[in-house]
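Asks: Have a look at this one before I ask anything.
The values are calculated or read from the model by the stated rules, or taken from the named source; none is laboratory data. Keep in mind the model is a prediction, meaning the values are calculated, not measured. Note: ideal-geometry Cβ built from the backbone for every residue, glycine included; neighbour counts use all protein chains shown.
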Amino acid sequence: MAVANPGAMDETAMRHCIERKRDGHALSATDWDAIIDGFMEGRIDEAQTAALFMACVWRGMTFEEAHALTDAMVRSGESISFDRSQGIIVDKHSSGGVADIVSLVAVPLAAACGARVAKLSGRALGHTGGTIDKLEAIPGFNAALSLDTFIRQVESIGCAIAAQTQALVPADKRIYNLRDRTGTVPAMGLIAASIVSKKIACGAHAIVFDVKTGPASFTPQPEQARELAGWLVEICKGFGRKAIAFVSDMHQPLGRTVGTGIEMVESRDLLRTGGEDDRARSLVLKIVAALLDASEIGGGEERAAKALADGSGYAKLVEMVEAQGASRGALEGMELDAKPLTVKASQAGFVQSIDVVHLGNAGRRLSQHDKLGGLFVTAQIGDRIEAGQPLARVYGKDKEHVRNLEASFKIGADPVEPPPLVYDTVT
Ligand code: URA
């Protein structure tokens, strides 16, 4: 039986919801509404809410429940509304990875091609990096934009990347914190509702998702990532938004650098020089092509590559950085430690696997007291390595304290195929 009136969610009604979920039943949209309302109003406590989420982890949630929870979470706060008649607004979201520089490059690049990109981003979580921390490594950069300023900047220069605010989806902030503390993050429905609610509240008309798969992601198996991708796309459609999701690899760092400011430097240089033909650049081009498609501009990867080569993507990055309080000089003055330590291979062979979580944690540690501290990873899965050859360089004040990095690279005698960059595209 569903709770008829959201105001009626109290301790007893919540206990019934927990018991029904524990016994494998689905809760109704009215129940989910009442639960979020009761939690935010303080009528139900964290203990009961965490018990319900643990039942969701074990019993799963239906797609309808995930949609209903998304809706209830969106309504916990304000929402941005962009006028569709003024053009399509697009957004891009990654489910979180190591050396994932895509947003920093793709947002200005897509804007340089004519797209209008409104992106609210998060901070580092666990071993994964946060786009906002990377941008804030530019001296003077302001990520704390008011919603009005955020909207005006997207309308005037075509892009903005700002920190998530309390005004949008306040329920997610509290619920995410509770899930983090109670081991209840890995439930497909909870993850999908958490991600999509923030995207819907941000007001974009179309969203491009990048769902990571591999040991350093929330969805280690490609089938799990495909399922999450499908749910993200379908829930968005239920809210009248267009969406596409890539399932991309996280068995190794995507870019070459791991940290915060060091990743900003890599992104800056990719836009400034056009970059090398590597995995990060390839994924950027695919995602920009999808953003252009969603914006009904088209032109695909070719158009994105042209904006990379002719410097217009870099000019847009500088424009965005200046609009958000930093200067071109501050961006271009970011320089890495001139004397990094080199991590060398003690044996010859092929790189079989990379402990991405360990590298992600090391990068975060190195950038804690030195924004430009971090790693530059030179070896990738499948590479042939000779004894004494560099695997990574370590930058920053704390470089002497980071130990055991060689162990993150498993080297063996047999040749190995590198993992694919993109496993699937879900529309
Ligand atoms: N990212 C989010 O925003 N929420 C989750 O639950 C997991 C990843």
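Asks: Quick one: is Asp337 modelled with pLDDT under 95 and within 26 Å of Val318 (Cα to Cα)?
Replies: So Asp337 passes the test.
Asks: Give segment 24-37 a look and list any residue that's in contact (Cβ under 8 Å) with a residue 12 or more places away in the chain and over 16 Å from Asp71 (Cβ atoms), or say none.
Replies: Gly24
Asks: Keeping to segment 392-419, report how many residues are over 20 Å from Leu359 (Cα atoms) and either touching a Leu at 6+ places or on another chain (Cβ under 9 Å) or of a type outside the set (A, V, I, L, M, F, W, C) (or both).
Replies: The total comes to 3.
Asks: Identify the single condition in (1) among the aliphatic types (A, V, I, L, M); (2) crowded, with 21+ Cβ neighbours inside 10 Å; (3) more than 25 Å from His358 (Cα to Cα) that Val211 does not satisfy, given that it satisfies every other one.
Replies: In the conditions (1) among the aliphatic types (A, V, I, L, M); (2) crowded, with 21+ Cβ neighbours inside 10 Å; (3) more than 25 Å from His358 (Cα to Cα), Val211 misses (3) alone.
Asks: Determine whether Ala330 is assigned to a helix (DSSP H, G or I) and among the aliphatic types (A, V, I, L, M).
Replies: Against the criterion (assigned to a helix (DSSP H, G or I) and among the aliphatic types (A, V, I, L, M)), Ala330 qualifies.
Asks: From Leu120, Leu104, Leu109, Leu125, grab the single residue that is out of contact with any strand residue (DSSP E or B) (no Cβ under 7 Å at 6 or more places or on another chain) and either without any contact (Cβ under 8 Å) to a residue 40 or more places away in the chain or within 15 Å of the ligand (Cβ to nearest atom) (or both).
Replies: Leu125
Listed here are the residues, each with its yes/no results for (1) within 18 Å of Cys236 (Cα to Cα); (2) crowded, with 22+ Cβ neighbours inside 10 Å; (3) outside the structural domain of Val233 (by TED's automatic domain parsing).
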| position | (1), (2), (3) |
| --- | --- |
| Thr70 | yes, yes, yes |
| Ser76 | yes, no, yes |
| Ile88 | yes, no, no |
| Ala112 | no, yes, no |
| Gly129 | no, yes, no |
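Asks: Ok, one more. Ala144 versus (1) of a type outside the set (D, E, K, R); (2) away from the ligand (no atom under 16 Å from the Cβ); (3) assigned to a loop (DSSP other than H, G, I, E, B); (4) in contact (Cβ under 8 Å) with a residue 60 or more places away in the chain: which is the lone unmet condition?
Replies: So the condition that Ala144 fails would be (4).
Asks: Oh, and also: Let me spell it out: the conditions are (1) crowded, with 17+ Cβ neighbours inside 10 Å; (2) within 13 Å of the ligand (Cβ to nearest atom), and Leu135 meets all of them except one. Which number is the exception?
Replies: (2)
Asks: Do we have Ile191 as more than 16 Å from the ligand (Cβ to nearest atom), in contact (Cβ under 8 Å) with a residue 24 or more places away in the chain and of a type in the set (Val, Ile, Thr) here?
Replies: no
Asks: Same structure, new question: Name the pairs: first residue in segment 161-184 and over 25 Å from Ala106 (Cβ atoms) and more than 10 Å from the ligand (Cβ to nearest atom), second residue acidic (Asp, Glu) and part of a helix (DSSP H, G or I), Cβ to Cβ under 7 Å, at least 6 apart or on different chains?
Replies: If the second residue must be acidic (Asp, Glu) and part of a helix (DSSP H, G or I), the pairs left are Leu178/Glu46.
Asks: Which condition number in (1) of a type in the set (A, V, I, L, M, F, W, C); (2) touching a Phe, Trp or Tyr at 6+ places or on another chain (Cβ under 9 Å); (3) more than 16 Å from the ligand (Cβ to nearest atom) is the one that Val74 fails?
Replies: Of the numbered conditions (1) of a type in the set (A, V, I, L, M, F, W, C); (2) touching a Phe, Trp or Tyr at 6+ places or on another chain (Cβ under 9 Å); (3) more than 16 Å from the ligand (Cβ to nearest atom), the odd one out for Val74 is (3).
Asks: Every residue in segment 73-92 that is within 24 Å of Ala289 (Cβ to Cβ) and modelled with pLDDT of 95 or more, please.
Replies: Selection gives Ile88, Ile89, Val90, Asp91, Lys92.
Asks: Tell me whether segment 275-283 contains one or more residues that are within 12 Å of the ligand (Cβ to nearest atom) and acidic (Asp, Glu).
Replies: No, segment 275-283 has no match at all.
Asks: Of all the residues that make up segment 194-204, how many are in contact with an Asp or Glu (Cβ under 9 Å, 6 or more places away or on another chain) and more than 8 Å from the ligand (Cβ to nearest atom)?
Replies: 7
Asks: Of all helices (runs of 4 or more DSSP H) completely enclosed by segment 199-307, which ones contain at least 2 residues that are touching a strand residue (DSSP E or B) at 6+ places or on another chain (Cβ under 7 Å) and either among the acidic types (Asp, Glu) or under 28 Å from Leu336 (Cβ atoms) (or both)?
Replies: Of the helices (runs of 4 or more DSSP H) lying wholly inside segment 199-307, those with at least 2 residues that are touching a strand residue (DSSP E or B) at 6+ places or on another chain (Cβ under 7 Å) and either among the acidic types (Asp, Glu) or under 28 Å from Leu336 (Cβ atoms) (or both) span 261-273, 279-294.
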